[in-house]
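Enquirer: Quick one: the structure is below, questions incoming.
The values are calculated or read from the model by the stated rules, or taken from the named source; none is laboratory data. Bear in mind the structure is a predicted one, so any value in this text is a computation, not a measurement. Positions of Cβ are backbone-derived with ideal geometry, glycine not excepted, and every protein chain shown enters the neighbour counts. To get the accessible areas, we keep the full protein, side chains included, count just its heavy atoms, and leave off ligands, DNA and RNA. Shrake-Rupley method; radii C 1.70, N 1.55, O 1.52, S 1.80 Å.
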Amino acid sequence: MDDEQQRSMATTVVHREMMATTTTTTAAAAAAGIAESYAGRSIFITGATGFMGKIMVEKLLRDCGELRCIYLLIRAKKGVDPAQRKEEYVKNIVFDHVRERYSERLGKIRLIRGDILSPGLGLSDDDRRELTENVELVFHCAANVRFDQHIRQAVDINLNGTIRVLGLAEQMRRLVSFVHVSTAYCQCNEAVLEEKHYPAPQNPEGISKMVGLLDDDLLDIITPRLLNNLPNTYAYTKALTEDMVYQYRGKLPIAIARPSIVTAAMKEPLPGWGEGTNGPTGLLIGAGRGVIRSMHCNGEYLADFMPVDVTMNAIIAIGTERMANARKEDVMYYNLTSSADNPISWGEVLEMGRGILNQNPFCFALWYPDGSIKSNYLYHLLCVVLFHYLPAYLIDFLMVLLRRKPFLVKVQKRISAGLTILQYYTTKEWVFRCDNTKSLYQRLSPDDRKRFYFDVNEINYKTYLYDFILGARQYILKEAPETLPKARKLLRKLYIMDKIVQIGLYLCGLWLAWTYLEVVTGSIQFVFDTAIESLRGTTVRQGL
């Protein structure tokens, strides 16, 4: 036997051994529960300081305590060393349960200094080496979720940031799962959204290079053409990013999760916990403070939102599912949505929320919260002028007279911009296919279904909205539960004031109508009398 044949046989034996090892590992991962699948694993997470990222880290520490290490990509703060930054991070209220019961697990967190916006993620040589040698699972959660972001910033974070993470993942020797967190709304031009690959509107790499070369003025001109009827730069860059990730099939073991609108927690770590005022949370706060009185919305259309803990449980389960599939050429897609299996309309959500908010009002409100939805856009615009801007200009005028700084017109402009973005999603309806997600849930053990719940049929909307509103009071507005009696007294006063103003406006309207009627009646009588006199004069002259 010559040397070439020996080398060929040796290569075949090694390949078979590797395939056997991979098959064994895959079978073990498939058979094991979620927590067991993560035991001894090293995980790399981007976007860990964000709303969804914190919940993922907390859940992994809480219920996958045997994992080896969680690497978090975090930007360096000037004058703050990594140890201090980590201490600040785990002091967040979402980690209270872990700190109290599993404080030793916090030592599994390893902060990696880097920046999604920097070439090579801004990693040091030592950190890059540690990641490439140890990491087995990647959860890419980092994204710019502002819908009104300029295309340059949206491309740099969502698209270019993902390209940088993919480049790092290619070097990871032990990688068994790369989960990219996308959005269910990245293909808004489609009426039915399936769990499959959709080509991007343009070539992602070409757009990345073009945005880097052109100045802002030119980008502003061509952006509407690039979006191609997509509602905003967020959806557009997410569509580009998905296609970019798809191009790495065969190189990386990829899964793509597409959650819809992610909202406050349903159960864990705290019912109703949330961060920021984007999306429905901003709408809730604006309506609760009486500054949002009208919203363009088709009340019959289905709302689709996912509690953040339900979403992240599903994504953690997707990580194990991708781990169990040894075929790198497969890209696994999962729509994480609720409307297909547990439907609720926008009208039902807003009506239910109004009732709960009236029982649990905010401590500060400019006016009694009594807005409504309008399916007719022109009627909505009229209400915006009458009930948003006119009161804002009046109050700001009074503030100027009192030598105070005016603020409400500026607030209303910001609210109007936010509503314009949100109203795209409340005046359209999509059908989401979730077969892969439901199939994944059905394959879980009863214990995993309990610990890593993500069956949307478990969402009780009345209970959830109650916790959502109380959570917004406590965690975002920093209004303790003890302030509710005071807030209810304020709401009663605002209600009385609102009714007085309404009665005053009705009386004013009646007076104007009566005055107008008198004027019209007098004018008609004058015309009639003049006509009679004219006829009499004509008759007399003809008789003479």
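Enquirer: Could you give the semi-axes, largest first, of the ellipsoid that matches segment 31-75, computed as the square roots of 5 times the alpha carbon gyration tensor eigenvalues and rounded to whole Å? Each step should come with its number before you reach the end.
Expert: Values: eigenvalues 81, 24, 11 Å².
With the √(5λ) rule applied to segment 31-75, the semi-axes are 20, 11, 7 Å.
Enquirer: Any chance you could get the radius of gyration and Dmax over the Cα atoms of segment 108-242, in Å?
Expert: 16.1, 48
Enquirer: Would you compute the Debye intensity of segment 416-464 from its alpha-carbon atoms alone, equal scatterers and no solvent, and pass along log10 I(q)/I(0) at q = 0.19, 0.23, 0.29 Å⁻¹ to two decimals?
Expert: -0.82, -0.91, -1.04
Enquirer: For n ≥ 4 DSSP H runs only, could you compute -39500 (n - 2.57) per run for the chain, divide by its residues and tell me the 222 nm figure to the nearest 500? Could the numbers behind the result be given before it?
Expert: Details: 21 runs with 288 residues, N = 544.
Rounded to the nearest 500, the figure is -17000 deg cm²/dmol.
Enquirer: Let me know the Kirkwood hydrodynamic radius for segment 339-403, please, with Cα pairs as the basis and the value in Å to one decimal. Each step should come with its number before you reach the end.
Expert: Values: mean 1/r = 0.0681 Å⁻¹.
Result for segment 339-403, one decimal place: 14.7 Å.
Enquirer: Compute the Cα gyration tensor for segment 198-244, then decide on rounded, prolate or oblate, letting a ≥ b ≥ c be the square roots of its eigenvalues: rounded whenever a/c is under 1.5, prolate when a/b is larger than b/c in the other cases, and oblate in all that remain. All intermediate terms of the calculation are to be shown ahead of the outcome.
Expert: On the way: a/c = 2.26, a/b = 1.31, b/c = 1.73.
Note, shape of segment 198-244 comes out oblate.
Enquirer: Could you pull the Rg and Dmax for segment 424-497, using just the Cα atoms, both in Å?
Expert: Gyration radius and largest Cα-Cα distance of segment 424-497: 19.4, 57 Å.
Enquirer: With only alpha-carbon atoms counted, please give the Rg and Dmax of segment 295-366, in Å.
Expert: 18.4, 58
Enquirer: What percent does the relative contact order of segment 339-434 come to when contacts are Cα pairs within less than 8 Å and at least six residues apart?
Expert: Working: 29 pairs, mean separation 30.7, N = 96.
Answer for segment 339-434 is 32 percent.
Enquirer: K196 to T463: extension gain in nm, 0.36 nm per residue of separation minus the Cα-Cα distance?
Expert: Gain on extension, K196 to T463, equals 92.8 nm.
Enquirer: For labels at L512 and S416 in the simple 7 Å Cα→Cβ model, what's the distance in nm?
Expert: Placing both labels 7 Å beyond Cα along the Cβ direction yields 2.1 nm.
Enquirer: If you restrict to DSSP beta bridges whose two residues both lie in the chain, what percentage is antiparallel, to the nearest 5? Don't jump to the answer; show the numbers that get you there.
Expert: Working: 2 of 38 bridges.
If I count the DSSP bridges inside the chain, around 5 percent turn out antiparallel.
Enquirer: Next question, about the same structure. Can you pull the percent of Cα pairs in segment 320-475 with separation above 21 Å?
Expert: Values: 7934 of 12090 pairs.
Value for segment 320-475 (Cα pairs over 21 Å): 66 percent.
Enquirer: Would you mind counting up the charge near D243? Only other residues with Cβ under 13 Å from its Cβ, with Lys and Arg at +1 and Asp and Glu at -1.
Expert: Values: positive: K196, K238, R249; negative: E205, E242.
Local net charge: +1.
Enquirer: Could you tell me what percent of the accessible area of segment 32-164 is made up of carbon and sulfur, with a 1.4 Å probe and every protein chain present? Spell out each step's value before the answer.
Expert: Values: 2500 of 5480 Å².
Summing carbon and sulfur atoms, their accessible area is 46 percent of the total for segment 32-164.
Enquirer: What's the Cα-based Rg to Rh of segment 31-184, Rh via Kirkwood? Numbers along the way, then the final one.
Expert: Numbers: Rg = 15.3 Å, Rh = 16.1 Å.
When Rh is taken as the Kirkwood radius, the ratio is 0.95.
Enquirer: Which of rounded, prolate, oblate describes segment 135-201, given a ≥ b ≥ c as roots of the alpha-carbon gyration tensor eigenvalues and a/c under 1.5 marking rounded, otherwise prolate only if a/b is larger than b/c?
Expert: On the way: a/c = 2.47, a/b = 1.40, b/c = 1.77.
Oblate.
Enquirer: Please report the relative contact order for segment 146-254, taking Cα pairs under 8 Å with a sequence separation of at least 6, and give it as a percent rounded to a whole number. The partial results should precede the final answer.
Expert: Working: 109 pairs, mean separation 56.9, N = 109.
Relative contact order for segment 146-254 comes out at 52 percent.
Enquirer: Something else about it: With a probe of 1.4 Å, find how much accessible area the chain has per residue, and write the answer as a whole number in Å².
Expert: Computed with neighbouring chains in place, this is 51 Å² per residue.
Enquirer: Suppose the Debye formula is applied to equal point scatterers at every Cα of segment 103-156; what is log10 I(q)/I(0) at q = 0.20, 0.22, 0.24 Å⁻¹?
Expert: Ignoring solvent entirely, the Cα scatterers give -0.91, -1.00, -1.07.
Enquirer: With labels modelled as points extended 7 Å from the Cα through the Cβ direction, what inter-label distance (nm, one decimal) is found for K428 paired with L214?
Expert: 2.1 nm
Enquirer: Which pairs break 31 Å Cα to Cα here: K108/K209; K91/K450; K405/K489; K77/K478; K238/K328? Numbers along the way, then the final one.
Expert: Details: K108/K209 38 Å; K91/K450 27 Å; K405/K489 28 Å; K77/K478 26 Å; K238/K328 22 Å.
Beyond 31 Å: K108/K209.
Enquirer: Now, a different point. Which value, in Å to one decimal place, does the Kirkwood hydrodynamic radius take for segment 385-435 when every pair of different Cα atoms is included? Please list the in-between numbers first.
Expert: Details: mean 1/r = 0.0758 Å⁻¹.
Result for segment 385-435 stands at 13.2 Å.
Enquirer: Over the chain, what is the mean sequence separation of C-alpha contacts under 8 Å (at least six apart), divided by residue count, expressed as relative contact order in percent? Write down the numbers at each step before the final one.
Expert: Numbers: 814 pairs, mean separation 84.8, N = 544.
Reported as a whole number, the value is 16 percent.
Enquirer: Let me ask something additional. Which of rounded, prolate, oblate describes segment 213-309, given a ≥ b ≥ c as roots of the alpha-carbon gyration tensor eigenvalues and a/c under 1.5 marking rounded, otherwise prolate only if a/b is larger than b/c?
Expert: Values: a/c = 2.31, a/b = 1.29, b/c = 1.79.
Oblate.
Enquirer: Kirkwood-based Rg over Rh for the chain (C-alpha set), two decimals?
Expert: Numbers: Rg = 30.1 Å, Rh = 26.8 Å.
When Rh is taken as the Kirkwood radius, the ratio is 1.13.
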